[in-house]
Amino acid sequence: MEANFSSKVAIILDQPTSIFALVALVALIFAFVYIKKIKLNTRMITHIGLMLALTVILHNLRLYHMPQGGSVTLGGMIPLLLIAFRYGPVVGYLAGFIYGLMNLMQDPYILHPIQVLFDYPLPYMAIGMAGYFKERIFWGAVVASCGRFLCHFISGAVFFASYAPPGTSPYWYSLVFNATYLVPELFICLVILRVLPVKRILFQMKNQNYYGLITLN
């Protein structure tokens, strides 16, 4: 019996897709357990809706679009970061999940169901981790980008390995490919966060209605 169990474990370990499917499933379960505890109110729904709309607009302002997906945008992560900074990581996970599904409908690139999870809902949910760094927004942006990068890296290494040049490790290929657009994306976000009056925006999100996001003077 122990031999059968060991052989089954070995089979699973030999199939990266099975491992990452399990990881994705566990991540989604934990996220939804916490998301179920959210008590949505009108202001929160308004802010999430507004920030999702801004995310869609900014993601369409592409400076560069990679052949197999992924883009350098004019701060496409900023609205989701603001949601995470204002309401915390759990609401950030929810907003990221919703946007991931929206992005899937807008710009689908589908090879495998597990690849869809690692390229759409999970990386944008990872942006919610910025909510753990409300007082250190630059660190929050870096952590969120690293979480997003990890998801895309796994997808690239497992599902896009065939695109790697002959003799190139799929892990190295995925690392370089995803860094090509995510590093500039992070740099642009950090510059925008430096320029924007982030604390003032978050203060108005907390104390005023959604029109306060526009009336910054």
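Output the relative contact order of the chain, whole-number percent, from Cα pairs under 8 angstrom with separation of 6+ residues.
Values: 278 pairs, mean separation 40.4, N = 217.
This gives 19 percent for the chain.
For the residues Ala164, Ala144, Ala95, a GNM of the chain with alpha-carbon springs under 10 Å puts the largest fluctuation on Ala164. Per residue, the convex hull spanned by the alpha carbons of the range 50-98 comes to 71 Å³. Applying the criteria of a DSSP loop state and at most 15 other Cβ atoms within 10 Å to the trypsin sites (Lys or Arg not before Pro) of the range 103-180 yields Lys134, Arg136.
The structure shown yields P(r) over Cα pairs in 10 Å bins from 0, in percent, and of the options (i) 8, 26, 24, 19, 15, 7, 1, 0; (ii) 8, 33, 33, 17, 7, 2, 0, 0; (iii) 8, 30, 32, 21, 8, 2, 0 that calculated value carries the label (ii). With all protein chains kept in place, the per residue accessible area of the chain amounts to 55 square angstrom at a probe of 1.4 angstrom.
Residues Ile78, Ile110, sorted by accessible area with the largest first, give Ile110, Ile78 [1.4 Å probe; ligands and nucleic acids excluded]. With only Lys, Arg, Asp and Glu charged, each at its Cβ (+1 for the first two, -1 for the last two), find how big the charge dipole of the range 117-217 is about the Cα centre; round to the nearest 20 debye. I would put it at about 460 debye. The magnitude of the dipole of the chain, with charges of +1 and -1 set on the Cβ of Lys/Arg and Asp/Glu and taken from the Cα centre, is near 980 debye. Rounded, prolate or oblate: which one fits the range 81-173, using the alpha carbon gyration tensor with axes a ≥ b ≥ c (rounded when a/c is under 1.5, else prolate when a/b beats b/c, else oblate)? Oblate, since a/c reaches 1.5 and b/c is not below a/b. Computed with a 1.4 Å probe on the full set of protein chains, the accessible area for Asp107 sits at about 50 Å². Farthest toward the positive end of the dipole of the range 61-217, out of Gly128, Leu82, Ser169, is the Cα of Leu82, where the dipole comes from beta carbon charges about the Cα centre.
Peptides 198-204, 37-43 ranked from most to least packed by the mean count of surrounding Cβ atoms within 10 Å: 198-204, 37-43.
Per atom type, the chain shows carbon and sulfur on 69% of its accessible surface, probed at 1.4 Å.
Measuring with a 1.4 angstrom probe and ignoring ligands and nucleic acids, Tyr34 comes out at about 110 Å² accessible.
Of Phe118, Met205, Ile57, whose Cα points farthest to the positive end of the dipole of the chain (charges on the beta-carbon: +1 Lys, Arg; -1 Asp, Glu; origin at the Cα centre)? So the residue furthest toward the plus end is Met205. Ranking Phe30, Phe177, Phe118, Phe133 by solvent-accessible area of protein heavy atoms (1.4 Å probe, all protein chains present), from largest to smallest, gives Phe30, Phe133, Phe177, Phe118.
Within the full protein context, the accessible area of His59 is estimated at about 20 Å² for a probe radius of 1.4 Å.
For the range 157-201, the C-alpha radius of gyration divided by 2.2 N^0.38 Å, with N the number of residues, is 1.74.
The values are calculated or read from the model by the stated rules, or taken from the named source; none is laboratory data. Please read these numbers as outputs of a predicted model, since none were measured by experiment. Using ideal geometry, Cβ is built from the backbone for each residue, glycine included, and neighbour counts are taken over all protein chains shown. All accessible areas refer to the heavy atoms of the entire protein, side chains included, with ligands and DNA or RNA removed. Shrake-Rupley method; radii C 1.70, N 1.55, O 1.52, S 1.80 Å.
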